[in-house]
1. Below 12 Å, Cα to Cα, which aspartates and glutamates can A:Lys703 reach? Residues fewer than 8 away in the same chain don't count.
2. Which FRET efficiency, nearest 0.05, do A:Ser107 and A:His469 yield, Cβ-Cβ r, R0 41 Å?
3. Using the charge dipole of the protein assembly as shown (Lys, Arg: +1 at Cβ; Asp, Glu: -1 at Cβ; taken about the Cα centre), state which of A:Ser697, B:Ile43, A:Pro619 has its Cα farthest towards the positive end.
4. So for the pair A:Asn566, A:Val541, with labels modelled 7 Å out along Cα→Cβ, what separation do we get in nm?
5. Return the single residue from C:Phe27, C:Phe98, C:Phe117 with maximal mean-square fluctuation; model: Gaussian network over chain C, springs between Cα atoms under 10 Å.
6. Mind listing the phi-derived Karplus ³J(HN,Hα) values for region C:32-37, rounded to whole Hz, using 6.51, -1.76 and 1.60 with θ = phi - 60°, and x for any glycine or proline?
7. With a/c under 1.5 counting as rounded, go ahead and sort chain A into rounded, prolate or oblate using the C-alpha gyration tensor (a ≥ b ≥ c being the square roots of the eigenvalues; past the cut-off, prolate if a/b is larger than b/c, else oblate).
8. In this model, which of A:Lys156/A:Lys579; A:Lys352/A:Lys463; A:Lys298/A:Lys579; A:Lys352/A:Lys579; A:Lys529/A:Lys553 are farther than 31 Å apart at the alpha-carbon?
Amino acid sequence: MFSVTFAIILPFIIAALVPFIHRRFKFIHIGWLVMLVPITLFVMLARLIPSVASGKTYIQTYSWIPTLNINFTTYLDGLSMILGLLITGVGSLVILYSIYYLSTKESLQHFYCYLLLFMGAMLGVVFSDNLMVLYVFWELTSVSSFLLIAFWNHRKASRLGAQKAMLITVSGGIAMLVGFIMLHTMTGSFSIREIITSIGDYTDHALFVPAMILVLLGAFTKSAQFPFHIWLPDAMEAPTPVSAYLHSATMVKAGIYLVARFTPVFGGDQIWFWTVSGVGMITLFWGSFNAVRQTDLKALLAYSTVSQLGLIMSLLGLGSIALQYGYSADSVLYTQATFAALFHLINHSTFKGALFMVVGIVDHELGTRDIRRLGGLMTFMPITFTVGVIGSLSMAGLPLFNGFLSKEMFFAATVQIMNADVFSLQSLGIIFPVIAWIASVFTFVYCMIIIFKTFLGPVQPEKLDKPLHEAPMGMLISPIILSILVVGIFFFPNLLGAYILKPAMASIYPMFGDPANLTPSIHAWHGVKPELLMTIGVVIVGTLLYRLLKKWKPVYGLLSSRYTFNAFYNNFLSFAASKSTIVTNKYMTGLLRDYLVYIYLFFILTVGGFFFYSGAFSPNFSTDARIRVYEVILVGVMAVAAVAMLFAKSRMTATLLNGVLGYSIAIFFVIFRAPDLALTQLVVESITTVLFLLAFSHLPDWKRENIPSKTKITNAVISVGTGAVVVLVALAVLNYDRFESISTFFEDAYELAGGANIVNAILGDFRGFDTMLEVVVLFIAGLGVYTMIKLRAKKGDENSEN
Amino acid sequence: METLIILLIGILVAVATYLILSRNIIRVILGTAVLSHAVHLLILTLGGLKTGNVPLLTEADAPYTDALPQALILTAIVISFAVTAFILVLAYRAYQDIGTDDLDALRGTNDE
Amino acid sequence: MKINDVILRTVTKIVVFIILTFGVYLFLSGHNTPGGGFIGGLVLASAIVLLYLSHDIETVQKSLPLDFKLVAASGVLLATGTGIGSLLFGAPFMSQTFAYFDLPVFGKTELTTVTIFEAGVALAVVGVVVTIILSISEDE
């Protein structure tokens, strides 16, 4: 029996073992072993496709923190199935590719450990039903992505790119966490399934919209949506297998997944509709527009990924409108957008994965991925060229490739949305097809750039460091498999629709009944409809623009580099760093006295201030015990001894005065009926005095402190203030009788512990744990003293300390 | 009686604070010693003074004075002894290696 | 540390035994009257410190060949060990128990596991205090 929990845990276990296995078998590329993990999981998941397609879901719960409603619940349904297959499927291909991409000279044990860590975390994200568990895995993907981007950590750009990705995605993650907590506050549940069923009662709740926005922030940062997209191009510093896996096929899809998962929760709300589809549309345009001007192939693909993610995001937004209408024959038309989103999600992973691998091959074999140095590779790298063309044309949305089908459905969805009569779409709906079309033109242009600038045109061998040659076969297997999928899906799209997409539609529209109604039959040819005309327009205008690229490219020069989001991010970061350095240096002076002053001032101001503010101080002197003359004398002696310590001329006098205080307290212990304390105090005071005298033989006598009188006065004020606040607190607490005293319990010591000495019974029995730990503390202090004195570094080998 | 002792505690705390804020390390250590005296007295006082007999069941009759503060103080006395011993040795070892007993001069030593 | 003082030495020889006896008495009586592990340990420690003060370290070491670090460590072990010991009998950590026995010489006697725990405490206190004082006085 397949266990979803096992699927999450397996990568983590193997990740922990990888370093050890690597040490044992240095001569084998560890990737071969690691590859078995995703393959196993993929097969296990694939075996469940038929049962999931028939509407079955798999739930498993392990109690983790039941009192807080946090349980390790895994949930496998249609939606998580898609992502799970992508993670394990693309994962297997990427690892196969990486075996040829990374030589054994790299620190492979780190690479595969991080990669498996990511895989486990990503599976955790898509299979978790509990929001808190999901959040933990979510942040874990950010962490593993950080580690993978900075894999070549000797390069500054890698480190900065990793930092940027980390900062942006983790900030979004924290916003999402707050959103999750708000959801819990509203619905009282952390389970997504439970929230979906009960959210209907809370749509008017004050926290509904804030929770929605915060969850979206998490999704947008993760999926590189405008304006958080800036981390993705910089993340391309990662090794290409990582880019292909994390930054195009899986991790960036986590945000898409989250939006899809939360569509039944928040969908149907106007703000959700406009935010998701609007941000998606802007991202779609901005990404494709910027991709055109890139000269680095990987940066181009990064922007294109941003753009494609925007496309999927906007489709999810458009599809959510169906929830506003409720289930009807008309509203099913709107769900087609969501269907297209899921379809394109898969298609994008196939063609973009292939393209990334192609770029990786070019980079790996020729040592550059700058299109200004490339050209004419077709004759030297025919297989790479074929795969590249298939990927590019699919991305451009041309027939014979799966991108065409989903692109057409995308156009259809944008046209369809103009028919909606809610959310002021009658007037504003037109912007969707317009932006979609413009963005698609740019998409077409950059796809042409990939094909023509890299593989066609004149060869420039003088600009290359390495001779032109085809990549080794092993490296080509994965992109070939992906490109076969690209073509295969075009010819058999409905297989995918019936088995993979249909159950996922049921997860997103759980209240829409039979998902078969939501699953259209996909056809390449469906007559002359607006979407086909739009595609034809894209090709014509796109070709024109590509031809005239040199003429209009100066447009990009108009964008000032001072006002980009990257500049904003950099300025913010350096501003925060410099300002916090200044602030920290202001109060972190390195002087012990200053730190103590902070502590004392805080104590005086908060505790004393609270007494003043609350007026809680009402001392009651009536229960005071009687005072005898000798007690007053003793108090007087102690007070004089204490004050005299301040003016002691020698350290010996001060120590003896401290002894006076100690012995006087022992007398007080006698007076106050505490014989054990009196005995202990007497002995300890003697030993402490001996200690001081012994230590003095190693320390210089104290000199007159030349402290400025201003500091002296400050110290005096703080001291008197502290003393006064302690007096206030003690007087206020003295007669506090809100709770009954527990001391009567200990008076049964003879029956409970067999001891007549209550104090001792408490020490040895009732609170024996305290005493045990106290003995340990005592022992540690003794060891510390011994080590400091006996085990010092000998002169001459001072370096041994460092 | 309690009020009187509390006032004494106030004086002890003030003296201890002043000592702790000084630059000489011996003064600081003495300050902590005085502070622990003050705290021991404080715990005992808050348990109520002269409210009963010695907490020895076979030696005296009820009512007994509260034994819990006494047990806590007993623990505290031993711990404060251990801590005093530790920081005394720390202080003189620091003096031996760095050559100063002035806390301001100890700041920013490169010997970290 | 060499103090050539005949009176101190002579007095110490007698006093140390009185203090040691007193320490043991305090330790044993702690259950029902003032005393116990801490006080007993401290008094024993002060007796040993007094020995070191009146005689030099080598002499004492000869007649009292103990490594006080080990004494402290075994004390801690004993104290924590009694806590774990209660686990073996299915009781929670640190449970103590007691019972009354009729012993031939002592008559009706109470035996408790607290005594073992207190012995650990006393040993730890003696060991730590003497270790600290010895370490400092041996330094340079």
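Derivation of every value follows stated rules applied to the coordinates shown; laboratory data play no part. This one's a predicted model, so the numbers in the text were calculated from it and none came from an experiment. We place every Cβ from the backbone using ideal geometry, glycine too, and count neighbours over all the protein chains shown.
1. Partners within reach: B:Asp101, B:Asp102.
2. On the way: r = 27 Å, r/R0 = 0.67.
For R0 = 41 Å, the calculated efficiency reads 0.90.
3. A:Ser697
4. Going from the A:Asn566 label point to the A:Val541 one covers 2.8 nm.
5. In this elastic network of chain C, the residue with the biggest mean-square fluctuation among C:Phe27, C:Phe98, C:Phe117 is C:Phe98.
6. The phi angles translate into 10, 10, x, x, x, x Hz.
7. Details: a/c = 2.46, a/b = 2.03, b/c = 1.21.
Prolate, since a/c reaches 1.5 and a/b exceeds b/c.
8. Values: A:Lys156/A:Lys579 23 Å; A:Lys352/A:Lys463 27 Å; A:Lys298/A:Lys579 35 Å; A:Lys352/A:Lys579 42 Å; A:Lys529/A:Lys553 33 Å.
As for pairs spanning more than 31 Å Cα to Cα, those are A:Lys298/A:Lys579; A:Lys352/A:Lys579; A:Lys529/A:Lys553.
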